[in-house]
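Asker: Quick one: the structure is below, and I'll ask about it shortly.
The values are calculated or read from the model by the stated rules, or taken from the named source; none is laboratory data. A quick note: this is a predicted structure, and the numbers were derived from the prediction, not measured. Because the Cβ atoms are built from the backbone with ideal geometry, glycine has one as well, and the counts that use them run over all protein chains shown. Side chains are part of the model used for accessible areas, which takes the heavy atoms of the whole protein and leaves out ligands, DNA and RNA. Shrake-Rupley method; radii C 1.70, N 1.55, O 1.52, S 1.80 Å.
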Amino acid sequence: MFGEKEINRLASDIVEAKKVVALSGAGMSVESEIAPFRGPGGLWEKYNPEEYGHIATLRNAPEKAWLMLLEMHREIGKAKPNRGHYALAELEKIGCLSSIITQNVDGLHHVAGNKDVIEFHGNLLSVVCMDCGYSKPSTELDLDAIPPSCDTCNGPVKPDAVFFGEAIPPDALMRAHEESSTCDLMLVIGTSAMVQPAGSMPQVAKRAGAKVVEINPSETPLTGLISDYIVLGQSGDVLEQTITAVKQMKG
Ligand code: APR
């Protein structure tokens, strides 16, 4: 695991960088009691992503897709930002973080106070009708009438998140690419980097000459290949200690 040496190395990389961008994944929200997708206790252990997380299932067997979505909806409804989210909000506030590219659909970076958050996979906080486009906050869903239908045209309703088989929202993809290719430090936090195109943003950064640092309790396919080093630890612990060290270094 990590120690003071790793924290000081990460903090000085952040202080020395001209532009820092973060790429966050489900590991960021584990401390907020939101299950990750992969690994022990992950959502994909319970639900096959290609089946339950695919846009085709939402269209052809909505009651199946909503079985999983309801579980995610309930977890996110109760979730609060954790120390890691607040540390990234502080980092942006003191001018040491340009943006966060998040794969998470829980909206917790916004709640923690980050202004520039690129929601690469959308979010579960609102739902939209697949026929007429009518949209409303997910909190207004009648959880006894699942799968939900549109209030205006009775069409099928989906969360505003990106499902397997769907394209990444073009503006999110453009901005993420632009941020990744113009930063000189990318923090890759709590992601297995298994899903494309999000998983290749560290490569875009690397190719543009940036230093890439992972924060994760375990190694990923990026480790030793794309990332310059990994701080082996939980994001809450690492980020909380890092922001303290950064503020000390900045004086
Ligand atoms: N702190 C930091 N990282 C953690 C923590 C923690 N406390 N706990 C687990 N992790 C790490 C795991 O080691 C793993 O590398 O978080 C990562 C979680 O990986 P995934 O569950 O695959 O989540 P993610 O990488 O965000 O998945 C990407 O896949 O299914 C799609 O759309 C879904 O956005 C998701 C995408």
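Asker: Once you've got the GNM for the chain with C-alpha springs shorter than 10 Å, pick whichever of 152, 191, 57 has the biggest mean-square fluctuation.
Answerer: Looking only at 152, 191, 57, the biggest GNM fluctuation is shown by 152.
Asker: Please list, by residue number, every one of the trypsin sites (Lys or Arg not before Pro) in the stretch 9-48 that is coil in DSSP and has at most 11 other beta-carbon atoms within 10 Å.
Answerer: 18
Asker: Ignoring ligands, DNA and RNA, please state the percent of accessible area on the stretch 203-251 from carbon and sulfur, probe 1.4 Å. Present the calculation step by step, with values, prior to reporting the outcome.
Answerer: Values: 1110 of 2340 Å².
The C+S portion of the solvent-accessible surface of the stretch 203-251 is 47 percent.
Asker: Once the Cα atoms of helix 4-16 and of the chain are each reduced to a long axis, what angle between those two axes, in degrees from 0 to 90 to the nearest 10, is obtained?
Answerer: Taking the Cα atoms of the chain, the angle to 4-16 is about 80 degrees.
Asker: Read phi for every residue in the stretch 28-40 and hand back ³J(HN,Hα) as whole Hz from Karplus 6.51 cos²θ - 1.76 cosθ + 1.60, θ = phi - 60°, with x for Gly and Pro.
Answerer: Result, ordered by residue: 4, 9, 4, 5, 9, 6, 10, 5, x, 8, 10, x, x Hz.
Asker: Between the stretch 17-82 and the stretch 124-162, what's the alpha-carbon centroid distance in Å?
Answerer: That distance is 18 Å.
Asker: Here's a follow-up. Please list, ordered by chain and number, the residues whose modelled amide H lies under 5 Å from the amide H of residue 101; skip anything fewer than 5 residues away on the same chain.
Answerer: The answer is 22, 23, 24, 118.
Asker: If each DSSP helix of 4+ residues adds -39,500 (n - 2.57) and the sum is divided by the residues in the chain, what number results at 222 nm, nearest 500 deg cm²/dmol? All intermediate terms of the calculation are to be shown ahead of the outcome.
Answerer: Working: 10 runs with 96 residues, N = 251.
When only DSSP H runs of four or more count, the value is -11000 deg cm²/dmol.
Asker: Let me ask something else. Quick one: angle between helix 83-93 and the longest Cα principal axis of the chain, in degrees between 0 and 90, rounded to 10, please.
Answerer: With rounding to tens, the tilt is 70 degrees.
Asker: Taking θ as phi - 60°, what are the ³J(HN,Hα) couplings along the stretch 164-170 by the Karplus curve (6.51, -1.76, 1.60), each to the nearest whole Hz, with x for Gly and Pro?
Answerer: My calculation for the stretch 164-170 gives 4, x, 10, 7, 5, x, x Hz in order.
Asker: Rounded to a whole number, what % of the accessible area of the stretch 39-130 do carbon and sulfur atoms account for, probe 1.4 Å?
Answerer: Details: 2160 of 3890 Å².
The computed percentage sits at 55.
Asker: Viscosity 1.567 mPa s, temperature 4 °C: what is the translational diffusion coefficient of the stretch 48-107 from Stokes-Einstein with a Kirkwood Rh over Cα pairs, rounded to a whole number of µm²/s? All intermediate terms of the calculation are to be shown ahead of the outcome.
Answerer: Details: Rh = 13.9 Å.
D, rounded to a whole number, is 93 µm²/s.
Asker: Moving to a separate point now. Roughly how many Å² is the accessible area per residue of the chain, as a whole number, for a 1.4 Å probe?
Answerer: Numbers: 11520 Å² over 251 residues.
I get 46 Å² per residue for the chain.
Asker: Another question, then. With the crude spin-label approximation of a point 7 Å out along Cα→Cβ, what separation in nm comes out for residue 60 versus residue 171?
Answerer: Output for this residue pair reads 3.3 nm.
Asker: Given H placed on each backbone N at 1.01 Å, which residues far from residue 157 in sequence or on other chains put an amide H within less than 5 Å of it?
Answerer: 130, 150
Asker: Give a quick list of GluC sites (Glu not before Pro) in the stretch 19-99 that DSSP marks as loop, anything other than H, G, I, E or B, with at most 14 other Cβ atoms within 10 Å.
Answerer: Working: sites: 31, 33, 45, 50, 51, 63, 71, 75, 90, 92; in loops: 33.
Sites meeting the loop and neighbour criteria: 33.
Asker: Apply the Karplus parameterisation 6.51 cos²θ - 1.76 cosθ + 1.60, with θ equal to phi minus 60°, to every residue of the stretch 134-141 and state each ³J(HN,Hα) to the nearest whole Hz, in sequence, with x for glycine and proline.
Answerer: 3J(HN,Hα) across the stretch 134-141, in whole Hz: 4, 10, 8, x, 5, 5, 8, 5.
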